[in-house]
Amino acid sequence: MPELHLVVKDPSGLHARPAARFVQAATRFESRIVIRQGDREADAKSLIALLGLTIRPSSEIVLAADGPDSEAAITALAAELAPYLGTPT
Amino acid sequence: MVGLVLISHSGTLVEGLRDMVAQVAGDDVAVGIAGGTEDGRLGTSAPLIAAALRSTLAASDGGVLVLLDLGSAALSLELALEDFEPPDRERIQVTEAPLVEGAILAAVQASVGASLAEVAASAEGAGSMAKLPRS
């Protein structure tokens, strides 16, 4: 199951607009896609779940996908969300 | 795609909410608003609601989800709905969901091409959505 560790770059954290972009992008894939922060996990296709994580700026999150198009999903989501999320340096 | 009709006692409130919805969910989801009375006071108006329903139905092939601010808007909505006969009436669903959170969640769900039932379920989830960060 491919996963990617990311740091939230957006100074507002993962707020409504990028979270909505995330859901819209994730829904295009068949795989189960999740965002994990610490021991909590949210379905990336559910805006309620994502906003419920209340992800703060500069926090580390893990983007993970499981399914037939999981590699493509991770690549596409990382590219789409690059303005908000960066890879840890 | 499913469209939304937002009903409030205040025109200003639903105009602002429509802007928020467009920012978050994008411009593909049709959003009709009916806020205030015909003479610009606070309140609700059956003809304004009916007009918003009609235009949003015309722009939304997947049906329309209706959200209200307060229960008293439901009386004007009931009157407005009397204008609609099947099959149009069957393409309109009304939800108990809270107006602001429900509209945002419903619009994002609609924007990914979800059905009216899925959009309504998403809006209803807003009632139990956490807002304050969990420590």
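Summary table below
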{"item": "Of residues in the stretch B:1-27 being part of a loop (DSSP other than H, G, I, E, B) and at pLDDT below 95, the one nearest to the other protein chains (Cβ to nearest Cβ)", "result": "B:Gly26"}
{"item": "Segments classed as strands (runs of 3 or more DSSP E), wholly inside chain A, with at least 3 members that are within 19 Å of B:Gly125 (Cα to Cα)", "result": "A:40-43"}
{"item": "Hey, A:Leu47 facing chain B (nearest Cβ under 9 Å) and among the hydrophobic types (A, V, I, L, M, F, W, C) or not", "result": "yes"}
{"item": "Some residue of the stretch B:19-42 being loosely packed, with under 15 Cβ neighbours inside 10 Å and of a type in the set (Gly, Ala, Ser)", "result": "yes"}
{"item": "Candidates B:Val119, B:Val112, B:Val108, B:Val100, filtered to the one that is free of Cβ contacts under 8 Å to residues at least 12 places away in the same chain, within 12 Å of chain A (Cβ to nearest Cβ), of a type outside the set (Lys, Arg) and surrounded by 17 or more Cβ atoms within 10 Å (Cβ to Cβ)", "result": "B:Val112"}
{"item": "Among the candidates A:Asp39, A:Asp66, A:Asp10, residue that is in contact with a strand residue (DSSP E or B) (Cβ under 7 Å, 6 or more places away or on another chain) and acidic (Asp, Glu)", "result": "A:Asp66"}
{"item": "First in the stretch B:1-17 and basic (Lys, Arg), second anywhere and surrounded by 24 or more Cβ atoms within 10 Å (Cβ to Cβ) and part of a loop (DSSP other than H, G, I, E, B), Cβ under 9 Å, 6 or more apart", "result": "none"}
{"item": "The stretch A:50-61, residues that are surrounded by fewer than 22 Cβ atoms within 10 Å (Cβ to Cβ), facing another protein chain (nearest Cβ under 9 Å) and either of a type in the set (A, V, I, L, M) or touching a strand residue (DSSP E or B) at 6+ places or on another chain (Cβ under 8 Å) (or both)", "result": "A:Gly52, A:Arg56"}
{"item": "Residues of the stretch B:56-97 satisfying the condition of being in contact (Cβ under 8 Å) with a residue 60 or more places away in the chain and surrounded by fewer than 16 Cβ atoms within 10 Å (Cβ to Cβ)", "result": "B:Asp61, B:Leu70, B:Ser72"}
{"item": "Criterion (touching a helix residue (DSSP H, G or I) at 6+ places or on another chain (Cβ under 7 Å), part of a helix (DSSP H, G or I) and of a type in the set (Ser, Thr, Tyr)) met by exactly one of B:Ser76, B:Ser55", "result": "B:Ser76"}
{"item": "The stretch B:85-97, subset away from chain A (no Cβ under 14 Å), part of a loop (DSSP other than H, G, I, E, B) and in contact with a helix residue (DSSP H, G or I) (Cβ under 8 Å, 6 or more places away or on another chain), residue nearest to B:Gly26 (Cα to Cα)", "result": "B:Thr95"}
{"item": "Among residues of the stretch B:16-50, those that are of a type in the set (Val, Ile, Thr) and farther than 15 Å from B:Val108 by Cβ, counted", "result": "4"}
{"item": "Residues being in contact (Cβ under 8 Å) with a residue 60 or more places away in the chain, under 13 Å from the mean Cα position of the chain (by Cα) and part of a loop (DSSP other than H, G, I, E, B) - total across the stretch B:28-51", "result": "1"}
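The values are calculated or read from the model by the stated rules, or taken from the named source; none is laboratory data. In this text the structure is predicted, and so the values were computed from the model without any measurement. Reconstructed Cβ throughout: ideal geometry from the backbone, glycine too, with neighbour counts over all protein chains shown.
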